[in-house]
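Peer 1: Below is the structure I would like to discuss, written out as structure tokens.
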Amino acid sequence: MSGALTDVLDAQRDEERRRAVRALLRRPLLTPHDTEYALVRTHSAYLVQWFAREAGWSLYTDAGVARLRKVPGDLSDGTRAAMVPSGGKQIRRPFSRRRYVLACLAFAALERAESQVTLGWLVERVAALAADEELSQAGITFTMEDREERTDLAAVARLLLWLGVLARVAGDEQAFIDRSGDVLYDVDRHVLSVLLATRRGPSLVAVEDHEGRLAAITADPVPDTEEGRNRTLRHTLTRRLLDDPVLYYADLAPDERSYLDVQRGLLLKRLTEGTGLLAEVRAEGIALIDPTREATDYGMPEEGTEGHATLLLAEYLSERLHDGERAATVADAERRMAELAVEHKHHWRKNAKEPGAERALASYALHRLAALGLVRLDGDEIRPLPALARFGYAPPTIVGKKDS
């Protein structure tokens, strides 16, 4: 009986640890308001070692926050921008360059803020910081008089609410956009202090080009030995397997492919045991599948008009792949979306049939498919990727004789 009870408790502990890993993979920043936070705190010692050993990621936990400092395996992947609800039934927009600049300026302003701030105060501080000569020379200016600029700052505020940096006390962001009111927030400076997840402070990097700066602020110090190089390869591959929907062999450098060919079995065994994910190995690459959806930020399929539209566009592009048409264009996707809006007018939102709605729906769907590793966007060209084939449907095959 004692041995059986020990086995049960060990199994329960291992499953809790896997749930904690999945929670951090989905949301690298957790606060006590998140249900998974207590689980992460309970197993923090194990999690710190697991993430450091397997992916080279550091995990910080204390009584107010848990922060996994993830570094992407592929620094050139720009498909998974921050997204927050835009209010009402509008389609969520990925963060643009302007929104990211506003977010950085908002972080800088909040560093010197009181315990409570208003969105109007944040506007004033961001506008003052944006007047910096270097920003002006880079073509970045904000007056906050324009409604679109105010909408972008409201989106940044909603992102900070989601992260836990801000907590709304009174007011509404939409009222601020409409100039009919303001919003009062509490500021959690503790959460704000752990947001930065770089290895080096950006101000300490002298490199000017974008790719070089990304590499410099995320680079790990590695000994120039065979063991150090192998550890770097293992961490890079693990990061892509844990963070990316699909790891395509064609995207790997020769040394990464060689290492994976030799170590694939052991690598996947360690990752599946530690996360509870399932490894799907195909001729073109590998995907770690999440049957619980606890580690999944972008689902496929999803409910609602956008989710259905994305699934149907994936089917359309998959058929083109099956027919040997390797590429489509954004215009092709928009035309197909307009047709789908008519076909499904009784199931989709009413505004999905309005003129121009097909462009917004197609843009959302393509962004989602690219983020899931199902297509690759190159300007106006859409290139279907091998994993997209799972969303195609073959013609039915009738087996047996027809009844007389």
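The values are calculated or read from the model by the stated rules, or taken from the named source; none is laboratory data. Only a predicted model underlies this, so the values are computations on that prediction, with no experimental measurement involved. Please note: Cβ atoms are built from the backbone with ideal geometry, for glycine as well, and neighbour counts cover all protein chains shown.
Peer 1: Scan region 253-287 residue by residue and report those that are under 22 Å from residue 389 (Cα atoms) and either of a type in the set (Phe, Trp, Tyr) or assigned to a strand (DSSP E or B) (or both). Show your work before the answer.
Peer 2: Of region 253-287, the ones under 22 Å from residue 389 (Cα atoms) are 277-287.
Matches in region 253-287: 278, 279, 280, 281, 285, 286, 287.
Peer 1: Within the bounds of region 147-165, is there any residue that is under 21 Å from residue 93 (Cβ atoms), β-branched (Val, Ile, Thr) and more than 24 Å from the chain's Cα centre (by Cα)?
Peer 2: Within region 147-165 (the criterion being under 21 Å from residue 93 (Cβ atoms), β-branched (Val, Ile, Thr) and more than 24 Å from the chain's Cα centre (by Cα)), the answer is no, since none of the residues qualifies.
Peer 1: Applying the selection to region 1-33, what residues are among the charged types (D, E, K, R) and surrounded by fewer than 16 Cβ atoms within 10 Å (Cβ to Cβ)?
Peer 2: To start, the set of residues in region 1-33 that are among the charged types (D, E, K, R) comprises 7, 10, 13-19, 22, 26-27.
Result: 7, 10, 13, 14, 15, 16, 26.
Peer 1: Give region 159-181 a look and list any residue that's surrounded by 17 or more Cβ atoms within 10 Å (Cβ to Cβ) and not hydrophobic (A, V, I, L, M, F, W, C), or say none.
Peer 2: Listed by number, the residues that qualify are 164, 173.
Peer 1: With the requirement that a residue be without any contact (Cβ under 8 Å) to a residue 12 or more places away in the chain and either surrounded by 13 or more Cβ atoms within 10 Å (Cβ to Cβ) or within 28 Å of the chain's Cα centre (by Cα) (or both), what does region 340-356 give you? Break it down stepwise before answering.
Peer 2: Initially, region 340-356 is screened for residues without any contact (Cβ under 8 Å) to a residue 12 or more places away in the chain, giving 342-343, 345-346, 350, 354-356.
Hit for region 340-356 is 356, nothing else.
Peer 1: Then there's this: Can you tell me how many residues within region 291-307 are touching a residue at least 24 places away in the same chain (Cβ under 8 Å) and either surrounded by fewer than 19 Cβ atoms within 10 Å (Cβ to Cβ) or closer than 15 Å to residue 240 by Cβ (or both)? Break it down into steps so the answer makes sense when it comes.
Peer 2: Filtering region 291-307 down to residues touching a residue at least 24 places away in the same chain (Cβ under 8 Å) leaves 292, 294-298, 300, 305-306.
In the following step, the residues that additionally are either surrounded by fewer than 19 Cβ atoms within 10 Å (Cβ to Cβ) or closer than 15 Å to residue 240 by Cβ (or both) were identified as 292, 294-298, 300.
Within region 291-307, residues that are touching a residue at least 24 places away in the same chain (Cβ under 8 Å) and either surrounded by fewer than 19 Cβ atoms within 10 Å (Cβ to Cβ) or closer than 15 Å to residue 240 by Cβ (or both) number 7.
Peer 1: Which condition from (1) basic (Lys, Arg); (2) closer than 19 Å to residue 73 by Cα; (3) in contact with a His (Cβ under 8 Å, 6 or more places away or on another chain) is the one that residue 17 breaks?
Peer 2: (2) is the only condition that residue 17 fails.
Peer 1: Just to be sure before I move on: is residue 376 part of a strand (DSSP E or B), outside the structural domain of residue 22 (by TED's automatic domain parsing) and either charged (D, E, K, R) or under 24 Å from residue 93 (Cβ atoms) (or both) in the structure I sent? It would help to see each step written out before you state the result.
Peer 2: Numbers: part of a strand (DSSP E or B): yes; outside the structural domain of residue 22 (by TED's automatic domain parsing): yes; either charged (D, E, K, R) or under 24 Å from residue 93 (Cβ atoms) (or both): yes.
Here the answer is yes, as residue 376 does meet what is asked.
Residues checked against (1) under 27 Å from residue 297 (Cβ atoms); (2) hydroxyl-bearing (Ser, Thr, Tyr); (3) loosely packed, with under 13 Cβ neighbours inside 10 Å:
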{"position": "183", "(1), (2), (3)": "yes, no, no"}
{"position": "201", "(1), (2), (3)": "no, no, yes"}
{"position": "210", "(1), (2), (3)": "yes, no, yes"}
{"position": "219", "(1), (2), (3)": "yes, no, no"}
{"position": "222", "(1), (2), (3)": "no, no, no"}
{"position": "227", "(1), (2), (3)": "no, no, yes"}
{"position": "236", "(1), (2), (3)": "yes, yes, no"}
{"position": "242", "(1), (2), (3)": "yes, no, no"}
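Peer 1: Looking for whichever is of a type in the set (Lys, Arg) and out of contact with any helix residue (DSSP H, G or I) (no Cβ under 6 Å at 6 or more places or on another chain) here; the options are 125, 69. Which one fits?
Peer 2: Result of the check over 125, 69: 69.
Peer 1: Does residue 314 meet the test of being touching a helix residue (DSSP H, G or I) at 6+ places or on another chain (Cβ under 7 Å), small (Gly, Ala, Ser) and not in a helix (DSSP H, G or I)?
Peer 2: On the way: touching a helix residue (DSSP H, G or I) at 6+ places or on another chain (Cβ under 7 Å): yes; small (Gly, Ala, Ser): yes; not in a helix (DSSP H, G or I): no.
No.
Peer 1: How about region 9-63: which of its residues are of a type in the set (Asp, Glu), under 16 Å from residue 273 (Cβ atoms) and over 24 Å from the mean Cα position of the chain (by Cα)? Break it down stepwise before answering.
Peer 2: Within region 9-63, the first condition is being of a type in the set (Asp, Glu), and the residues that meet it are 10, 14-16, 34, 36, 54, 62.
Next cut, under 16 Å from residue 273 (Cβ atoms) only: 10, 14-16, 54.
Selection gives 10, 14, 15.
Peer 1: Going by what's in this entry, would residue 99 be described as within 18 Å of the chain's Cα centre (by Cα) and either part of a loop (DSSP other than H, G, I, E, B) or at pLDDT 85 or above (or both)? Before the answer, list the steps.
Peer 2: Values: within 18 Å of the chain's Cα centre (by Cα): yes; either part of a loop (DSSP other than H, G, I, E, B) or at pLDDT 85 or above (or both): yes.
In short, yes.
Peer 1: Select from region 179-199 the residues that are of a type in the set (Val, Ile, Thr) and more than 20 Å from the chain's Cα centre (by Cα) and write down the one among them that is farthest from residue 106 (Cα to Cα). Spell out how you get there, then give the answer.
Peer 2: Going residue by residue through region 179-199, those that are of a type in the set (Val, Ile, Thr) are 183, 187, 191, 194, 198.
Imposing the further condition that a residue be more than 20 Å from the chain's Cα centre (by Cα) reduces the set to 183, 187.
Values: 183: 15, 187: 12 Å.
Selected residue: 183.
Peer 1: If the Cβ limit is 6 Å and pairs must be 6+ apart or interchain, which residue in region 118-133 that is farther than 12 Å from residue 144 by Cβ pairs with which residue that is not in a loop (DSSP other than H, G, I, E, B)?
Peer 2: Matching pairs, first to second residue: 118/184.
Peer 1: Could you tell me which of the residues 215, 170, 250 is without any contact (Cβ under 8 Å) to a residue 40 or more places away in the chain, aliphatic (A, V, I, L, M) and assigned to a helix (DSSP H, G or I)? Give the steps one after another, and end with the answer.
Peer 2: Working: 215 fails: without any contact (Cβ under 8 Å) to a residue 40 or more places away in the chain; 170 fails: assigned to a helix (DSSP H, G or I).
One residue alone meets the criteria, 250.
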